[in-house]
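**Q** The following block contains the structure, expressed as structure tokens.
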Amino acid sequence: MSASDPDKLIAKADKLTKLSLTRWNADWKNATVLYEQAANAYRLARKYEKAKDAFEKASKGQEMLSSPWDAAKHMESAAASAKEVGNWNEVSDFYRRASELYIECGRSQPASDALAKGARALEDALPDEAIRLYTDACAVLEDDGKEQMAFDLYRAATSVYIKLEKYEDAATFLLRLALAADNCNAKHSQCKAYLSAIIVYLYAHDFQQAEKCYNDCCQVEAFLNSDQNRAATKLLSAYTDGDVEEIKRAAQSSIISNLDHVIIKLARKLPTGDVTSFKRGATDDQEEPLDEDDLT
Amino acid sequence: MVWLQKAEVAAVEKNRAAAVAMNAEVRRIKARLMDEVPKLQKLAKKKVKDLSKEELEARNDLVLVLPERIQAIPDGATSKQTQGWGASSSHKNIKFDSELLISCSYTLFIISSKSISDGPVDGDFFQQTEEASQFRQEFEMRKMKQACSFLHLPSIFGIFIPILFISHIIKSVLMQDEGLDIISEGLDTLKNLAKDMNEELDRQVPLIDEIDTKVDKTTSDLRRNNVRLKETLTKVRSTRNFCIDIILLCILLGIATYLYHTNVKPLKYYKIHIFYVNWVGSRYDLADRPLAPRRHDFPTKYSYLEDFNSLAKPQQPHGVLEFRTDLCYLQPHDTKSLPEPIRSLINRSIRIDQLDNSE
């Protein structure tokens, strides 16, 4: 047929769908078939702009034929073509629409996969949008009770935050990961997440936060009895001692080397900045209450 | 020293059980040392004859320091002070501890040697009198030297033999510790890997359960469809129905044949035997005439046969004229148009075999 001329296919399909005096009902069935053929032909010819439009129309056609699964698949292809073009807003919109259609089908896993794909595509261009997509993907999975699958997404989002140097947000995300791990009894991942959060705080040179985080984590029994707790205590005590060598040694330990590689990179770069201030800060805090006692 | 000998034996065995046993021994010895310390303190305070004031003070200091240093000797059984704080005794700790051991034993010997000279002291612990005399010798040497350097040089001279044993033990302990460190690192890695694998499997289990249910549903669908297909087939192909089908088929064929025969041109062959006619005087050679009937020529060409009636009685026919009704106009109802002689011959066969020109 006219497989070699997608423009003609598109024109034909448009004619089928456009309503006019002679045509009272759009013939979506045939039109969708033509749109799909045209879109594939465009993709082979690497005309991604036109392929994207064709996929969009094909997806709409499938929606009209009440087949949300095919519609979602076409939306994803449209988004992939948009990524090639470089139109980032459209990429995000298409992936969101695809995930909505998947949720309509009642399949949460492909929905979150679509959002994750979108986030990965946008990591370099629009990192904030990527974070939002990751968060939504995790929410989708958690609503459906499949938190186990969300771990990878959390880790990816954390690495994006760290790339953006937003360490507070990264640590918060890690704590959310720990919460998800707690919900599905994944103690090892939970402890790893806590240790990673503490390391991120230390890398951001925020010792108080790190200590607070450590104290919070020690409330959790699983963390209290784990190897990661030991490593954390070593690291924090090295910080309070102000001993750079000790910090370096603690950071090279095998427990930390089993974490996510982004976190390992951060740990290797510890300590950042002046460590002695922490040491002094600790003693100062102790002296002040004593002085007050003495005064009274 | 009994305990040193025991330690030496343990070192010779060179395995982890020996290390544990050694640690237990060291613990025991520490306990005994601690028991003896108060006695030593009393002894130290006792005024001895040829002892200068500084040395007395030095001895007092030694004794005071001794309990701490005894406690500081690691015996491998200290319970983890913080949860799971690994007893990663580095090598320098061990060396330090060996020095401690040496210095403790030395101070004990020094003090005990002096106290032996003063009065009886209980002790299988302080049995080695020959060593006590050795210590006395180098104690005299020590008088000449500074107080702070006594720990190192005299120990080499004085406690040479026990130090050999001790260093041997310490070396083996060091080696064992190195090996144990490496093993522990490997175990750490293994543990992490195993835990990660555990969680991954936990993640996969519900997915596989889903697949399982879907596949079960599909197999049951297939089975049901197979059964229905079997029922349908048996219904269709049962023998009774099969015979009925064949009979009906035959009837249909018969009807078709009948219709064909009634409607289609029936094929008839007409044979006319031709007699070779020979007129006297003239040869009337039928062979000259084209006898094969041509489609359009048939009625006219055979007009010469009108004289047939005047012939003599028919003899042996000389030929058969065969013609087919579908090739010519001669239809059964057309025989009336035939010339008379031929018409009368239609039922009698005429055969043309060969036409010879004989006269």
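**Q** Just tell me how shielded B:187-197 is by partners: mean number of partner chain Cβ atoms within 10 Å of each residue's Cβ, no decimals.
**A** 4
**Q** Find how many whole Å separate the alpha carbon centroid of region B:222-258 from the alpha carbon centroid of region A:197-233.
**A** Centre-to-centre (Cα) distance: 81 Å.
**Q** Next question. Tell me the accessible surface of A:HIS261 in square angstrom (1.4 angstrom probe, heavy atoms of protein chains only), to the nearest ten.
**A** Its heavy atoms expose roughly 120 Å² to the probe.
**Q** Between chains A and B, what is the buried accessible area summed over both chains (1.4 Å probe, protein heavy atoms, nearest 100 Å²)?
**A** On the way: alone 15510 and 25300 Å², together 39310 Å².
In total, this chain pair buries about 1500 Å².
**Q** Solvent-accessible area of B:MET175, probe 1.4 Å, all protein chains present, reported in Å² to the nearest ten, please.
**A** 120 Å²
**Q** How many nm separate the modelled label positions at A:GLU100 and A:SER237, each set 7 Å beyond the Cα in the direction of the Cβ?
**A** Here the answer is 5.6 nm between the modelled labels.
**Q** Would you mind calculating the relative contact order of chain A from Cα pairs under 8 angstrom and at least 6 residues apart, reporting the percent as a whole number? Don't skip to the answer; put the middle values down first.
**A** Values: 396 pairs, mean separation 24.2, N = 296.
Result for chain A is 8 percent.
**Q** Determine the shielding of peptide B:203-209 by partner chains: average, over its residues, the number of Cβ atoms on other chains within 10 angstrom of each Cβ.
**A** Values: counts 8, 1, 1, 5, 4, 0, 0.
Average neighbour count from other chains, rounded to a whole number: 3.
**Q** Next question. Which longest uninterrupted range of chain A lacks any trypsin sites (Lys or Arg not before Pro) assigned by DSSP to a loop state (not H, G, I, E or B) and surrounded by at most 13 other Cβ atoms within 10 Å?
**A** A:47-268
**Q** Which residues of region A:165-190 end up with at least 10 Å² less accessible area in the presence of all protein chains than when their chain stands alone, using a 1.4 Å probe?
**A** By number: A:ALA186, A:HIS188, A:SER189.
**Q** Counting pairs of alpha carbon atoms under 8 Å apart in space and at least six apart in sequence, what relative contact order in percent does region A:146-274 give? Let's see the in-between values first.
**A** Working: 144 pairs, mean separation 27.9, N = 129.
Computed value for region A:146-274: 22 percent relative contact order.
**Q** Follow-up question, since we're still on this one. Pairs of Cα atoms under 8 Å, at least six residues apart: use those to get the relative contact order of region A:1-99, whole percent.
**A** Taking the mean separation of contacting Cα pairs over the length of region A:1-99, I get 21 percent.
**Q** Can you tell me how region A:1-108 classifies by the Cα gyration tensor, rounded, prolate or oblate, using a/c under 1.5 as the rounded cut?
**A** oblate
**Q** Among A:ILE103, A:ALA71, A:ALA51, which residue has its Cα positioned farthest towards the positive end of the charge dipole of chain A, with +1 placed on the Cβ of Lys and Arg, -1 on the Cβ of Asp and Glu, and the dipole taken about the Cα centre?
**A** Final value for the positive-end residue is A:ALA51.
**Q** Percent of accessible area on chain A owned by carbon and sulfur, 1.4 Å probe? Before the final figure, lay out the partial values.
**A** Numbers: 7110 of 14780 Å².
After summing per-atom areas, the C and S share lands at 48 percent.
**Q** Region A:120-151: which residues show an accessible-area loss of 50 Å² or more, assembly versus chain alone, 1.4 Å probe?
**A** A:GLN148, A:MET149
**Q** Let me know the mean shielding of A:265-273 by other chains, meaning the per-residue number of their Cβ atoms within 10 Å of its Cβ.
**A** 0
The values are calculated or read from the model by the stated rules, or taken from the named source; none is laboratory data. Just so it is clear, the model here is predicted, and its values are computed rather than measured. Positions of Cβ are backbone-derived with ideal geometry, glycine not excepted, and every protein chain shown enters the neighbour counts. The protein model used for the area step is the full one, side chains on, heavy atoms only, and it has no ligands, DNA or RNA in it. Shrake-Rupley method; radii C 1.70, N 1.55, O 1.52, S 1.80 Å.
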